[in-house]
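Below is one structure, written out as structure tokens; comments come after it.
The values are calculated or read from the model by the stated rules, or taken from the named source; none is laboratory data. Because the structure is predicted, anything quoted here is derived from the model rather than measured. Every residue, glycine among them, receives a Cβ derived from its backbone with ideal geometry; neighbour counts consider all protein chains shown. Protein only, heavy atoms only, side chains kept; ligands, DNA and RNA dropped before computing areas. Shrake-Rupley method; radii C 1.70, N 1.55, O 1.52, S 1.80 Å.
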Amino acid sequence: MARERTFVLLKPDAVQRALVGAIVERFERRGLKLVAMKTTKVSRELAETYYLEHKGKPFFAALVKYITSAPSVAIVLEGDEAVAVVRKMMGKTNAAEAEPGTIRGDFGIQIGRNLIHGSDSVPTAKREIGLFFAPAELLDYARVDEAWVYE
Ligand code: IDP
Ligand code: MG
């Protein structure tokens, strides 16, 4: 088991639909530690850097418009296998196909309004955390329940 940090963005639809608390609660209850969290309006420049891998795809312009349209919440979470655990909790990219019990499967119904981004690997997480947070914003601390979340 590797203790990892992963990056999550609660997209503008999550904020506008007042789902931030419900989503963060799931991560906290799972045992994932909040290392950093802030409300932020993603700029076009940041969106194009952050979604560089999708540049040229037919949905790219709509994706940038969506993500820059209103505030988002940027989060860094830490825990064992945090990258894979968060991806599983998010569910499939297309919310219409996401399993009930996942965030997208419980709260979303379209691919273009799928509420949440989560890093797909540890190197991607490092890059994305660096795009959204300064090193001093990432806090090191122990949660009081850690001895009961981990053996
Ligand atoms: P992921 O968010 O599950 O990692 P990616 O394939 O990395 O999925 O796509 C990034 C984001 O681009 C998706 O979360 C979604 O917002 C958007 N997106 C991906 N494919 C489509 C599409 O076919 N139509 C509209 N938006 C899409
Ligand atoms: Mg992705």
Identify, please: which residue in segment 90-147 is basic (Lys, Arg) and away from ligand 2 (no atom under 14 Å from the Cβ) and is, among those, surrounded by the most Cβ atoms within 10 Å (Cβ to Cβ)?
-> ARG113
Here are ALA2, ALA22, ALA18: which of them is closer than 22 Å to VAL122 by Cβ and either touching a residue at least 40 places away in the same chain (Cβ under 8 Å) or hydrophobic (A, V, I, L, M, F, W, C) (or both)?
-> ALA2
Filter segment 67-86 for residues that are within 14 Å of ligand 2 (Cβ to nearest atom) and crowded, with 18+ Cβ neighbours inside 10 Å; the one that is farthest from ILE109 (Cα to Cα) is VAL83
Starting from segment 87-101, take each residue that is of a type in the set (Gly, Ala, Ser) and list its partners that are within 12 Å of ligand 1 (Cβ to nearest atom) and in a helix (DSSP H, G or I), counting only C-beta distances under 8 angstrom and pairs at least six apart or across chains.
-> GLY91/ILE103; GLY91/ARG104; ALA95/ARG104; ALA98/MET90; ALA98/ARG104
Could you list all residues from segment 45-67 that are acidic (Asp, Glu) and under 20 Å from ARG87 (Cα atoms)?
-> GLU53
VAL73 vs (1) outside any helix (DSSP H, G or I); (2) touching a Phe, Trp or Tyr at 6+ places or on another chain (Cβ under 9 Å): all pass except (2)
Residues of segment 4-44 classified as crowded, with 19+ Cβ neighbours inside 10 Å, over 28 Å from ASP80 (Cβ atoms) and in contact with a helix residue (DSSP H, G or I) (Cβ under 7 Å, 6 or more places away or on another chain), total | 2
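Yes/no matrix, rows are residues, columns are (1) of a type in the set (Ser, Thr, Tyr); (2) within 13 Å of ligand 1 (Cβ to nearest atom):
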site	(1), (2)
THR68	yes, yes
SER72	yes, yes
GLU78	no, no
VAL83	no, yes
ALA95	no, yes
PHE107	no, no
HIS117	no, yes
SER121	yes, yes
LEU131	no, no
Report yes if some residue within segment 52-66 is among the aliphatic types (A, V, I, L, M), open to solvent by less than 40 Å² (accessible area, probe 1.4 Å), touching a residue at least 12 places away in the same chain (Cβ under 8 Å) and within 12 Å of ligand 1 (Cβ to nearest atom); otherwise report no.
-> yes
Among ALA74, ALA82, ALA70, the single one that is over 15 Å from the mean Cα position of the chain (by Cα) and of a type in the set (A, V, I, L, M) is ALA70
